[in-house]
Amino acid sequence: MKIGMASDHAGYEYKTRLVELLKKKGYEVVDFGTDSEVSCDYPDYAHPLAEAVEKGKVDLGVALCGTGNGMSITLNKHQGVRAGLAWNSEIGRLVKAHNNANVLVMPARFISYPMATRILNTWLSTQFEGGRHQRRIDKIPV
């Protein structure tokens, strides 16, 4: 499975560590940046990740910024992207189980790194439940 990763400066440290964690677990990772903690603009990294998800160049995406909101808003402007913001593992489970989120977004300034790993692992191991949830997703324009 190929996972795309993106962050702004606030999420850079966690993204770097999560890239290595995913590689150790056997995932192929495409890093869309940023490459430092120097202040930058989250859309510059969210758009390439979203385009890769849209075009099937990556199977899933993970994004981090300070609150997670900027990345979520930007990612969700793209057709076929369902970015879910999660700040604990239960929300991470639900954005996959109920919303079939193909991009996980986390608020790097508001969670610890161990929490980020728990959220990511939970999201990756959760299956979409379908059923009534699929009916709802079908009502989201693509």
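General observations
- Of residues in the range 91-100 being open to solvent by 20 Å² or more (accessible area, probe 1.4 Å) and hydrophobic (A, V, I, L, M, F, W, C), the one farthest from GLN134 (Cα to Cα): ILE91
- Some residue of the range 72-90 being in a loop (DSSP other than H, G, I, E, B), of a type outside the set (Val, Ile, Thr) and either at positive phi or open to solvent by less than 20 Å² (accessible area, probe 1.4 Å) (or both): yes
- Test: residue in the range 95-105 that is within 27 Å of LYS139 (Cβ to Cβ), at pLDDT 95 or above, of a type outside the set (Val, Ile, Thr) and part of a helix (DSSP H, G or I): yes
- Number of positions in the range 116-142 that are open to solvent by 40 Å² or more (accessible area, probe 1.4 Å) and either of a type in the set (A, V, I, L, M, F, W, C) or part of a loop (DSSP other than H, G, I, E, B) (or both): 9
- First in the range 110-139 and among the acidic types (Asp, Glu), second anywhere and surrounded by 12 or more Cβ atoms within 10 Å (Cβ to Cβ) and in a helix (DSSP H, G or I), Cβ under 7 Å, 6 or more apart: GLU129/ALA97
- ILE91 fulfils the conditions (1) closer than 15 Å to SER125 by Cβ; (2) touching a residue at least 60 places away in the same chain (Cβ under 8 Å) except for a single criterion, (2).
- Filter result (in a helix (DSSP H, G or I) and either in contact with an Asp or Glu (Cβ under 6 Å, 6 or more places away or on another chain) or open to solvent by 60 Å² or more (accessible area, probe 1.4 Å) (or both)) within the range 10-66: TYR12, GLU13, ARG17, VAL19, GLU20, LYS23, LYS24, ASP44, HIS47, GLU51, GLU54
- Residue match in the range 15-26 (condition: under 18 Å from ARG109 (Cβ atoms) and either within 12 Å of the chain's Cα centre (by Cα) or of a type in the set (Phe, Trp, Tyr) (or both)): yes
- Of the listed requirements (1) closer than 24 Å to ARG132 by Cα; (2) open to solvent by less than 10 Å² (accessible area, probe 1.4 Å), MET5 misses just one: (1).
The values are calculated or read from the model by the stated rules, or taken from the named source; none is laboratory data. Fair warning: this is a prediction, and the values are worked out from it, not measured in the lab. As a convention, Cβ positions derive from the backbone with ideal geometry for all residues, glycine included, and neighbour counts pool all protein chains shown. For the accessible areas, the whole protein counts, side chains as well, though only heavy atoms, and no ligand, DNA or RNA atoms are used. Shrake-Rupley method; radii C 1.70, N 1.55, O 1.52, S 1.80 Å.
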